[in-house]
Amino acid sequence: MLIRPATPEDWPRIWPFFARIVRDGRSYAYAEDLTSPEAESLWMEQPPGRTVVAVDDEGRIVGSAKMGPNRPGRGAHIATASFMDDPDASGLGTGRVLGDHAVSWAREAGFHGMQFNAVVETNTVAVGLWQSLGFEIVGTVPEAFDHP
């Protein structure tokens, strides 16, 4: 699997699974009625952040991740990232490859650590992945996510 920087030409191939995941309402707090241009502006990070795509052996985009500073100013030394895997391409290990990439990128970019702000606890696949990559749950906010 190839991880490469996302380009504007990739957005039409990211948008279908982005929209599907957001509409599902189980893992992201984005508004369900986002238009493609609105979603693109949220997902396609500008420097110092970056957005990448995961491309399988057949050239299909099977996932994407965005990463960058967690907060501006005094929080900019800590990285954050968000990930979306195409549900039609599950089981390929895309999340792990993207997770490894994001952690390596943050280290190489000089961030002091990485923080995920809102991993929905019922997204057990994501929670298990981050724990297997060495992350710890430092807190849970009851009812912080409006789960369907």
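Computed values, structure above
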{"item": "Qualifying residue in the stretch 33-43 (condition: closer than 23 Å to GLY91 by Cα, surrounded by fewer than 19 Cβ atoms within 10 Å (Cβ to Cβ) and touching a helix residue (DSSP H, G or I) at 6+ places or on another chain (Cβ under 8 Å))", "result": "no"}
{"item": "Qualifying residue in the stretch 32-43 (condition: among the small types (Gly, Ala, Ser), within 18 Å of ALA118 (Cβ to Cβ) and in contact (Cβ under 8 Å) with a residue 24 or more places away in the chain)", "result": "yes"}
{"item": "Failed condition for VAL22, given (1) among the hydrophobic types (A, V, I, L, M, F, W, C); (2) in contact (Cβ under 8 Å) with a residue 24 or more places away in the chain; (3) open to solvent by less than 50 Å² (accessible area, probe 1.4 Å); (4) closer than 21 Å to PHE116 by Cβ", "result": "(2)"}
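The values are calculated or read from the model by the stated rules, or taken from the named source; none is laboratory data. Here the structure is a predicted model, which means the values were calculated and not measured. A quick note on method: Cβ atoms are made from the backbone with ideal geometry, for glycine too, and the neighbour counts reach across all protein chains shown. Surface accessibility is based on the protein's heavy atoms, side chains included, excluding ligands, DNA and RNA. Shrake-Rupley method; radii C 1.70, N 1.55, O 1.52, S 1.80 Å.
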